[in-house]
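The values are calculated or read from the model by the stated rules, or taken from the named source; none is laboratory data. Values in this document were obtained by computation on a predicted structure and should not be read as measured data. No Cβ is skipped: glycine too gets one built from the backbone with ideal geometry, and neighbour counts run over all protein chains shown. Accessible surface areas use protein heavy atoms only, side chains included; no ligands, DNA or RNA. Shrake-Rupley method; radii C 1.70, N 1.55, O 1.52, S 1.80 Å.
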Amino acid sequence: MTQRVGVIRFPGTNCEFDTIDAVRALGGEAEILWHSDSSIKNVDAIVIPGGFAHGDYLRCGAIARFSPVMEAVSDFALAGGPVLGICNGFQVLTEAGLLPGALQKNAGMKFLCSMQQIEFVSTQNVVGKGSQVGDCLQIPINHFEGNYVCSPEILSRLETQEQIVFRYTDNPNGSIKDIAGICNEAGNVVGMMPHPERATSDLLGSNDGAALIQSFLSV
Amino acid sequence: MQFEAKIEVSPRDGIANPEGSTIERSLPALGFEMTRNVRVGKLIRFEVEAESADAARSLVEDMCNRFLTNPVIEDAAVEVLET
Amino acid sequence: MSAAPEDASVHRALGLSDEEYEQIHELLGRHPNHLELAMYSVMWSEHCSYKSSKVHLKRLPTEAPWVLVGPGENAGVIDVGDDIAVAIRIESHNHPSAIEPYQGAATGVGGILRDIFTMGARPIAVMDPLRFGPLDDPRSRWIAEGVISGVSGYGNSVGVPTVGGEIVFDETYKGNPLVNVLAMGVLPSERLVLGQASGVGNLAILLGAATGRDGIGGVSVLASAGFDENSEGADKRPSVQVGDPFEEKRLLEACLELLDEGLVSGIQDLGGAGITCATSETASRGGAGMDVDVSAIHSREEGMEPFELMTSESQERMLAIVEPEHLEKVLEISAQWEITASVIGRVTGNGQLRIMDGFEGEVLAELPASTLHDDAPEYNRPMSPPDDLTERRLRDASQGPANCVEDLLALVCDPSWVYSQYDHQLFLNTVVGPGNDGTLLRLRHPSTGEETGRGLAMSTDGNHRWCYVDPRQGTKMIVAEAVMNIACVGANPLAVVNCLNFGNPEHPEIMWQLSESVDGMSEACIAFNAPVVGGNVSLYNETNAVDIAPTPVVGVLGVHPDLSEPPPGIGLPPDSLLLVLGQEPESDVSMGGSRWAWEVGCCKDGVLPEFDLDHAVRTAAFVAESVQKQRLKAVHDVGEGGLAVALAEMAIRSGIGAKIKNHDNHISMFNESGGRVLVAIENRELDDFVKTAAARGVTAKVIGETGGSSLQFGPMVDVSLESLTVASENQLPEALGQGTVNA
């Protein structure tokens, strides 16, 4: 079944068309959902892409979470619909309370754009289908606030409930436990700082992101 | 003597403050229509050792001018408290 | 409208000479009032009018069949085939960055992006050639860190990848950094928009940020006294502009949507000289006039005077010319993007620019729109070579305490500390990104996203050392280097943009440098068949009356015809042969202008090595051809630091070393003889490769072979890859990372 993916566009989002290109290249359908719409138009899955929603002013994701479309996204997620937040999208999901924890400034206090190796810690989620725990992927990061932090209680829950999806093999930003991506308890909502859509062509240096998007399209 | 320094760094009058304007535009959507003139700055706090309150203040002001702020675009309101 | 004969102190304070004032007097047939004077002063400034350089710039080649728009518009536009046009421009933001590095660089990026989307193109790449004072100077480090964060903060947020650039540190830029920014965009060829206003009755709509008292520094002398008495005076008024990438992003999307929908007949960004420039330029380009209502301008501050509104350089604003029936739709799209839109002007047929308080209200200023541009003064300033030129050229730059290993370790520098702070991958086009020779992007159709199978290549290059020693030949060599850089990623050049950073034009030797440099550029651009499609001149780059070394910077754009495989890259492969292509250095090659001479030998004089431009043209074509045919295992341009530094960069990249025959002294290792490229090929390819090179008129010499874990030059010089890697990687973080907090 071909999935129809809704890609949320806030003012300041900038990875929406890259995400659409990657989804289409892998056989999915994709359309833009505007932040002020209150409906998500019967799409089968939702991506909140990277960028700087509302300029990342105040805090990353802090203004975006109040957009009308986020209520619909929240209902969709709670009903078990697949939702993937990439980079800024991950930040929006934590601000919106759909994923636990928060993303603070990188430990080196610098923006970082570079290829990183990440490892699957759990595949019981919407991006893990077809992959094995321990699989290593080359996927670029591109963020200033990617340093994941949460309380010890949440961390132990993440660990015991297999909610840590990816960890960095060489931590670039100071994230607790090298966390690069997490999911909710049900595994249908995933947030990750690395950009899988940027790793969908050998010409661009890696095709490792394709497996994640493929999995997302097939759930 | 030990003092606590508090520096409120704010954009100078007339300097654009994009972060403040964006927050101001967003608040009405949450029902807060009564807000005006949102400005976003920084607060810097630290402890400082000096002979007197005046000496501490002058040290802190010097730090502001030379390092902590760019006086071309930022104002600094310095507060020094004995601890 | 007539005003009293002026007190000379006013126009002088505005930067207009007595002769210029008299010219305005004659053009108007009366004395100008203060507002008119303010408008002429900003438009006739060096920055807007190019009055000192225009006479020289005319000598540059600007035409080719593929050039759709040449210099003079907001950006140059090239036809690259498949119904795709490319808009490209470079600009400087040197002086603002010296005062407020973060905002200076940020607003530099913002300004150049508006130039690109003004042409109807979506910006898809930024490059930033940056030059700062020495790393051991704390203020220069502060400037460097601020500028890099500014490029990163604004560019990343606005959503345009920064795909390349340069970073140079030298004493000459202490106090006067050079912050140049190049932007490139793509558009469907049929959608080219020009910044002009036509159609009497059409509306001029100001889009974007509110107008504040930003960047009105010079004209603030006109402020009414009452405003200043209670504060610190006009000179203390903030003239620094603050960039808002979020506003720019929305403005960009809104403008592109307006263009997609065919709702605007002309569009112009607001840069230097603000509304004055945008309204008069659109009107005079369209052969029209315009009435401007200052009371309709949405402003950020209370009580702004007309001259402030007309000359403010507030960022993130555009002026769109719209037919009245499209107004409603334009306002709707603006609202969707949360962009403020105000109708501030009406196109008229009389060629006059009238500034009014309400469209039916008082006329505050009235002048022929074209006089602000076409009648701007043009100076052929006196020029002469420096008095000591002959003497300087006699000096031998090869002298100094040479220690080949130590010198090599000092000259390698990994710039990734800088470019890892820039998003260089957005839009999924970046095949070869920063830290390489040229940048290579996939060329896709801007509307359909369809791949063309071809690539766009770009490189920016400058070299103040070469240009200080010999501005004419130095400039030829930087054009050749830029072309060679894109050849290394498989592209042939199509066009050049330039940013001419020079000192004070009132110094005759500076005008001589500029003139020589223009002639060198002209010769090289003709030889490479790459016309100049746009440029920017930045003069008065000086600190305490000491001029910077002449620093013309060029950006070259080219096309890779078949991007089925990525280029080989710079990393050395194992078990291959290393060759140098291109002109062989003379046996007594000069070290003049080399990085070694300036930074190790401490001699800034002498002469440049001989340079054979035609050989460089043939070499570039052969390198591009070899990359396209996938005949190379590695390729790297030989630039500053010479052969040894180029080899070190190649070895560090892959962790594979090389053994080089001979070349075991500082002159053969570090000379900067131009037009050379290092390539690695398989052993069995040698005969055929050398034959092809000869057939193309290109010298090809085997200098050694790859392998091992060190770089060896002859039997005596041996540098381990580990020490090279450590030296290279630590240079910038150790110097620049000092102010940052590490976990």
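Per residue, the average separation of C-alpha pairs within less than 8 Å and at least 6 apart gives segment A:4-217 a relative contact order of 21 percent.
Take the Cα of A:A25, step 7 Å toward its Cβ, do the same at C:F359, and the gap between the two points is 5.0 nm.
Taking packing as the residue-averaged number of other Cβ atoms within 10 angstrom, the listed peptides C:440-453, C:254-267 run from highest to lowest as C:254-267, C:440-453. Label-to-label distance for C:K54 and C:T543 is 3.3 nm, based on points extended 7 Å past Cα in the beta-carbon direction. Counts of other chain beta carbons within 10 angstrom of each beta carbon in peptide A:10-21 average 5.
Each part gets one Cα centre, and for segment A:113-146 versus segment C:649-683 those centres are 38 Å apart.
Using the Cβ-Cβ distance between C:E302 and A:Q117 with R0 = 51 Å, the FRET efficiency computed as 1/(1 + (r/R0)^6) comes to roughly 0.40.
Using the Cβ-Cβ distance between C:S17 and C:D374 with R0 set to 25 Å, the FRET efficiency works out to roughly 0.85. Look at where the Cα atoms of segment C:276-302 and of segment C:484-509 average out, and the two centres are 33 Å apart. Report, in whole Å, the centroid distance computed from the Cα atoms of segment B:62-83 and segment C:367-444. When both Cα centres are located, 37 Å separates them. Charge dipole (Cα centre; +1 on Lys/Arg Cβ, -1 on Asp/Glu Cβ; no other charges) of segment C:596-743 amounts to roughly 500 debye.
The charge dipole of segment A:4-217, taken about the Cα centre with unit charges on the Cβ atoms of Lys, Arg (+1) and Asp, Glu (-1), comes to about 280 debye, rounded to the nearest 20.
Of the residues C:T692, C:V147, C:P71, the one whose Cα sits farthest towards the positive end of the charge dipole of the protein assembly as shown is C:T692 (charges of +1 on Lys and Arg Cβ, -1 on Asp and Glu Cβ, taken about the Cα centre). Using the Cβ atoms and a cut-off under 11 Å, what net charge is assigned to the surroundings of C:M119, where Lys and Arg are +1 and Asp and Glu are -1? Residues near C:M119 contribute +1 overall. Compared with the dominant Cα axis of chain C, that is its longest principal axis, helix C:138-158 is turned about 70°.
Which of rounded, prolate, oblate describes the protein assembly as shown, given a ≥ b ≥ c as roots of the alpha-carbon gyration tensor eigenvalues and a/c under 1.5 marking rounded, otherwise prolate only if a/b is larger than b/c? Rounded is the answer for the protein assembly as shown, as its axis ratio a/c remains below 1.5. Assuming charge only on the beta carbon of Lys and Arg (+1) and of Asp and Glu (-1), the dipole of segment B:2-82 about its Cα centre is about 480 debye to the nearest 20. Between the listed residues C:W596, C:I548, C:G349, the Cα displaced farthest toward the positive end of the dipole of chain C, a dipole computed from Cβ unit charges relative to the Cα centre, is found at C:W596. Here the contact order of chain B, divided by its residue count and restricted to Cα pairs under 8 Å and six or more residues apart, works out to 51 percent. For the protein assembly as shown, the per residue solvent-accessible surface stands at 36 Å², with DNA, RNA and ligands left out and a 1.4 Å probe. Taking label positions 7 Å along the Cα-Cβ direction at both A:N207 and B:R39, the computed distance is 5.7 nm, reported to one decimal. Based on the alpha-carbon gyration tensor of segment C:317-473 and its eigenvalue square roots a ≥ b ≥ c, which shape applies: rounded if a/c is under 1.5, prolate if not and a/b is larger than b/c, or oblate? Oblate, since a/c reaches 1.5 and b/c is not below a/b. Which net charge results for the neighbourhood of A:G81, defined as the other residues with beta-carbon distances under 10 angstrom from its beta-carbon, given Lys and Arg at +1 and Asp and Glu at -1? Every neighbour counted, the sum reads -2.
Seen from A:V47, the other residues with C-beta closer than 15 Å to its C-beta sum to a net charge of -2, counting Lys and Arg as +1 and Asp and Glu as -1. Max-minus-min Cα coordinates of chain C on each principal axis give 85, 57, 54 Å, with the largest extent listed first. For the listed peptides C:698-706, B:16-24, a ranking on the average number of other beta carbons within 10 Å per residue, highest first, reads B:16-24, C:698-706.
Simple rule: put +1 on each Lys or Arg Cβ and -1 on each Asp or Glu Cβ in the protein assembly as shown, find the dipole, and look at C:C413, A:F90, A:H35; the Cα lying farthest toward the positive end is A:F90. Going by a ≥ b ≥ c, the root eigenvalues of the Cα gyration tensor, does segment C:398-542 fall in the rounded group (a/c under 1.5), the prolate group (a/b larger than b/c) or the oblate group? Verdict is oblate for segment C:398-542. Take each residue of peptide C:155-166, count the partner chain Cβ atoms within 10 Å of its Cβ, and average: the result is 3.
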